[in-house]
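The structure under discussion appears below in the form of structure tokens.
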Amino acid sequence: MRPRYLETVVAAAAVLSLTLAACTAAPTPSSPSTGTPSSAPPTASSAPATTASGALPTGTPADVVTGLEAPWSVVFLGDTPLISQRDDGTVLEVTGDQTRPIGTVEGVQHGGESGLLGLAVDDQDRLYAYSTGSDGNRIQRFEVIGEPGSLALGEAETIIDGLPSATIHDGGRIAFGPDGMLYATVGDAGQTDDAQDLDSLAGKILRMTPDGDVPDDNPFDGSFVYSYGHRNPQGIAWADDGTLFAAEFGQNTWDELNIITPGGNYGWPRVEGIAGQEDFIDPVQQWSPDQASPSGIAITGGTIFIANLRGAVLRAVPVADPTTSTDFYAGEYGRLRAVTPGPDGDLWFLTNNTDGRGTPRDGDDRILGVALEE
């Protein structure tokens with residue numbers, strides 16, 4: 001099936017390839033990123049990366065809330081933070097430095113990486129949740145009843161279901177774009193070839209209306225598919241100019257930061273990382289999985305912030321030059337799952353040390369907040 005926007009995809013790939021070829025990004029000691037194709041891991045530098053202008057963390061992060069159990073996503077309903085807990089399907093609200101459950105998403109089936117994953121809030125203050133049910137992954141919508149401090153989940157309304165699911169590679173991030181559409185990342189669910197199959201929703205970034213319909217201007221007629229050839233994307237965010245960035249788990253060689261083009265093919269499983277092949281769109285930056293394993297991302301102040309699991313680092317990438325990066329708090333807080341702009345201009349990031357793959361510390365898991373300055 002040939003995408004309507006193939007010409008745009010090819011042009012974008014050419015621009016990115018030229019940019020990457022011309023750039024010499026300086027990696028941090030804990031982040032040997034590279035902007036050029038290579039069959040061998042790049043050599044780490046002893047100097048910090050040089051970044052273009054953009055907001056960066058300043059000072060020491062402080063606990064916002066502690067005592068979370070396998071948290072996965074944090075969003076805001078007005079000024080009230082809501083957190084999803086993967087394994088038990090609970091949605092929490094934060095009140096001061098405490099949390100309270102506002103409800104449990106029914107029918108959540110946790111196993112491995114599956115369970116209650118991403119949350120999003122629309123412009124009518126309705127909560128959307130991506131979770132694993134008996135028939136696959138699904139997105140449901142909930143009215144949130146009551147006032148802060150006594151919120152409760154209303155009845156679930158299923159927006160889309162039957163999405164590919166497994167104990168690995170479930171994707172799970174959802175977010176509303178500047179166009180008002182709901183975007184969702186779906187992993188390949190361990191079936192690698194499905195990422196290249198446009199008749200499958202595995203290994204894709206999906207775009208839909210808030211009611212779960214296919215938008216008329218999607219790149220493939222009658223399909224939710226917005227981009228394909230993904231392994232396990234878990235981070236999506238938009239820059240001020242509308243550019244969509246996505247972070248993606250690689251297999252053994254390269255994790256990726258991509259610029260997403262409608263109808264674009266990002267190569268998995270044919271290629272991993274920067275391949276320089278005209279049929280696929282290369283990432284703008286790549287890292288070895290032990291230095292990264294990127295999950296949630298957020299963009300604020302001209303900077304892309306990436307929460308990394310295995311790399312246990314908060315990575316800052318300037319929107320103005322996404323081939324460079326700077327690392328913060330390497331190893332200090334363990335695995336990081338999500339990041340979001342917080343109230344009063346702070347940046348919040350979510351640890352993920354109680355999910356069975358980390359080493360919990362006293363008070364884990366937690367949300368930390370840190371000030372930003374340009």
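Tabulated data
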item: Bins of 5 Å from zero: percent of alpha-carbon pairs in segment 236-305; result: 3, 18, 27, 25, 17, 9, 2, 0
item: Dipole magnitude of segment 226-346 about its Cα centre (Cβ charges: Lys, Arg +1; Asp, Glu -1), debye to nearest 20; result: 380
item: Per-residue [θ]222 nm for the chain (sum of -39500 (n - 2.57) over DSSP H runs n ≥ 4, rounded to 500); result: -1500 deg cm²/dmol
item: Percentage relative contact order, the chain, counting C-alpha pairs under 8 Å, at least six apart; result: 18
item: Hydrodynamic radius by Kirkwood, which averages 1/r over all alpha carbon pairs of segment 275-374, in angstrom; result: 14.2
item: Residue (of Ala316, Ile281, Asn252) at the positive-pole extreme of the chain, dipole from beta-carbon charges; result: Asn252
item: Segment 278-374: relative contact order in percent, alpha carbon pairs under 8 Å with at least 6 residues between; result: 20
item: Cα point-scatterer Debye curve for segment 115-249, base-10 log of I(q)/I(0) at q = 0.10, 0.19 Å⁻¹; result: -0.31, -1.08
item: Cβ charges +1 (Lys, Arg) and -1 (Asp, Glu), total dipole of the chain, debye; result: 880
item: Positive-end residue of Ala184, Gln234, Gly96, charge dipole of the chain with Cβ unit charges; result: Gln234
item: Amide H contacts of Thr95 (H built 1.01 Å from N, under 5 Å, at least 5 apart or other chain); result: Arg100
item: Per-residue HN-Hα couplings for segment 191-199 [Karplus 6.51, -1.76, 1.60; θ = phi - 60°; Hz; x = Gly/Pro]; result: 9, 4, 5, 5, 5, 9, 9, 6, 8
item: For the chain, the spread of Cα positions along each principal axis, largest first, Å; result: 55, 49, 34
item: Where only C-alpha atoms are counted, convex hull volume of segment 316-374 per residue in Å³; result: 105
item: Amide H contacts of Ile304 (H built 1.01 Å from N, under 5 Å, at least 5 apart or other chain); result: Val317, Val319
item: Simple Cβ-charge dipole of segment 128-170, Lys/Arg +1 and Asp/Glu -1, about Cα centre, in debye nearest 20; result: 120
item: Average silhouette area of segment 197-292, convex hull of alpha-carbon atoms, in square nanometres; result: 6.7
item: Length-normalised contact order of segment 210-349 in % [C-alpha pairs under 8 Å, at least 6 apart]; result: 17
item: More than 16 angstrom apart: percent of Cα pairs within segment 249-290; result: 26
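Read-outs throughout are calculated quantities, based only on the coordinates presented, and are distinct from any laboratory measurement. Keep in mind that what you see is a predicted model, and the values were worked out from it rather than measured. Backbone-built Cβ (ideal geometry, glycine too); neighbour counts: all protein chains shown.
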